[in-house]
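Student: There's a structure below that I have some questions on.
The values are calculated or read from the model by the stated rules, or taken from the named source; none is laboratory data. Model, not experiment: these values are computed from the prediction. Quick reminder, even Gly has a Cβ in these numbers, built from the backbone with ideal geometry, and neighbours come from all protein chains shown.
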């Protein structure tokens, strides 16, 4: 990497790519990137980092960089810019490989201790919590977090002076067409966190057993030299532990875990919970997010802090500074009609259920309007019945058209209209509104008052409704 003076990122606006671009920029490397013109949540952090993506993928736009990094979207290895790089013998790394190489210390002149956060749900929040705990403890870690702005940290990528490198570890394919290797296999950390194991990427995994085997293979990377921190409440995690021979710390609500949430209470703005470890009380902690699932994410962060030797009081104080992340239970503002608008990235049935329950428990005196945009045809089709039964804690559900992934083909055998028809047999108030303008029109006309919570939800662009709604002035 000492010879690499310039990097070009193809699909730089991707939430996995933007943090890499920022880290490279902070390392003093010249960074360019290309993507489509459409606005993304990563536009703001890229601009703040001084990176302005070129529009489109014209081959000549890459110039002559020392390295090209490519994502699985936009054609992957078939992207014209990537093809040109290969033809000109310019090294090409995938996003997953790049995270692994960065974690291995390729842009540092020092030893790196990697902390990888994996699991079907909660990766971004847990990674951001661990990064916040270490940052607030003056350890100045490096990190790669798949989102936009993070109030307690700033930009989603950072090249720290400390020895720790924290990264999300994704089970999806390195390159969907040509390399099915799970992306997390490129990482070689000293600590691995596994939040949960559940089928999500249905275009890659046929069954949960296959998925668990890949997680076990990843976990074995620390079997002889590090520690696995894993939620012991998850059934698939417990199966994995039986086949794992290394040092393990389990966390969760069950008393059988090593680190346990013993008591929990919620208010609208956050969660208080007491933690115990092997019969010893660690005291009360506070997280500025509601929801039991977020308390579990925080407990994973607490466990990581304990593993690296941070004092409990420092962990408590640092955790209290975490204010959430973009598109994770994010409060947008109060509409002029009085309703509170939130936005969340939940796109899997399990995430939807847990997130809506958290809203219900935190705002039990208000009605909930959930605006959901399904993400990918493959996920919607395979988990169709699970989606149908995921919205019981919402009083009204609005379903927008499926947001297709750039790495999949259209599938006319499934649609949001089909989903609404099936949901209508179980839910009193559910309707199909095809696009963002239709949703904005409906919300504006309904004039929801202060007794309502409105939640936009999904991994696509449904969050953009906020750009056309009227908010109460400060």
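Student: Could you tell me whether residue 72 is within 18 Å of residue 182 (Cβ to Cβ) and modelled with pLDDT under 95?
Tutor: Working: within 18 Å of residue 182 (Cβ to Cβ): yes; modelled with pLDDT under 95: yes.
So residue 72 passes the test.
Student: Can residue 257 be described as at pLDDT 95 or above, surrounded by 16 or more Cβ atoms within 10 Å (Cβ to Cβ) and either part of a loop (DSSP other than H, G, I, E, B) or outside the structural domain of residue 125 (by TED's automatic domain parsing) (or both)?
Tutor: yes
Student: Give, as residue ranges, the strands (runs of 3 or more DSSP E) completely inside segment 150-189 that count at least 2 residues that are within 18 Å of residue 15 (Cβ to Cβ) and in the same structural domain as residue 213 (by TED's automatic domain parsing).
Tutor: Result: 164-168, 173-175.
Student: Whether any residue in segment 365-375 is part of a strand (DSSP E or B), over 19 Å from residue 442 (Cβ atoms) and in contact (Cβ under 8 Å) with a residue 60 or more places away in the chain is what I want to check.
Tutor: yes
Student: Condition test on residue 25, is it in the same structural domain as residue 73 (by TED's automatic domain parsing), more than 25 Å from residue 118 (Cα to Cα) and in contact (Cβ under 8 Å) with a residue 60 or more places away in the chain?
Tutor: On the way: in the same structural domain as residue 73 (by TED's automatic domain parsing): yes; more than 25 Å from residue 118 (Cα to Cα): yes; in contact (Cβ under 8 Å) with a residue 60 or more places away in the chain: no.
So residue 25 does not fit the description; no.
Student: Restricting attention to segment 125-139, report how many residues are part of a helix (DSSP H, G or I) and touching a helix residue (DSSP H, G or I) at 6+ places or on another chain (Cβ under 7 Å).
Tutor: Of the residues in that region, 7 qualify.
Table: residues versus (1) more than 27 Å from residue 172 (Cα to Cα); (2) touching a strand residue (DSSP E or B) at 6+ places or on another chain (Cβ under 9 Å).
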site: 3; (1), (2): yes, no
site: 7; (1), (2): no, yes
site: 20; (1), (2): no, yes
site: 34; (1), (2): no, yes
site: 43; (1), (2): no, no
site: 46; (1), (2): no, yes
site: 50; (1), (2): yes, yes
site: 90; (1), (2): no, yes
site: 100; (1), (2): no, yes
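Student: For segment 1-20, give me the residue count where each residue is part of a helix (DSSP H, G or I) and either modelled with pLDDT under 95 or touching a helix residue (DSSP H, G or I) at 6+ places or on another chain (Cβ under 7 Å) (or both).
Tutor: Residues in segment 1-20 being part of a helix (DSSP H, G or I) and either modelled with pLDDT under 95 or touching a helix residue (DSSP H, G or I) at 6+ places or on another chain (Cβ under 7 Å) (or both): 2 in total.
Student: Another one. I'm checking my understanding of the structure. Among residues of segment 363-390 that are surrounded by fewer than 24 Cβ atoms within 10 Å (Cβ to Cβ) and in contact with a strand residue (DSSP E or B) (Cβ under 6 Å, 6 or more places away or on another chain), which one is farthest from residue 448 (Cα to Cα)?
Tutor: The qualifying residue farthest from residue 448 (Cα to Cα) is 375.
Student: Let me ask something else about it. Please note which strands (runs of 3 or more DSSP E) are completely contained in segment 382-474 and include at least 3 residues that are within 25 Å of residue 362 (Cβ to Cβ).
Tutor: Output list reads 396-399, 452-457.
Student: Could you pull out the residue among 424, 434, 413 that is surrounded by fewer than 17 Cβ atoms within 10 Å (Cβ to Cβ) and free of Cβ contacts under 8 Å to residues at least 12 places away in the same chain? If you could, list the steps in order and put the result at the bottom.
Tutor: Details: 434 fails: free of Cβ contacts under 8 Å to residues at least 12 places away in the same chain; 413 fails: free of Cβ contacts under 8 Å to residues at least 12 places away in the same chain.
After applying the criteria, what remains is 424.
Student: Check segment 272-285 and report whether any residue there is under 30 Å from residue 204 (Cβ atoms), touching a strand residue (DSSP E or B) at 6+ places or on another chain (Cβ under 6 Å), modelled with pLDDT of 90 or more and buried (at least 16 other Cβ atoms within 10 Å of the Cβ).
Tutor: Among the residues of segment 272-285, not one is under 30 Å from residue 204 (Cβ atoms), touching a strand residue (DSSP E or B) at 6+ places or on another chain (Cβ under 6 Å), modelled with pLDDT of 90 or more and buried (at least 16 other Cβ atoms within 10 Å of the Cβ), which makes the answer no.
Student: For residues that are closer than 25 Å to residue 465 by Cβ and surrounded by fewer than 19 Cβ atoms within 10 Å (Cβ to Cβ), tally how many sit in segment 9-67.
Tutor: 10
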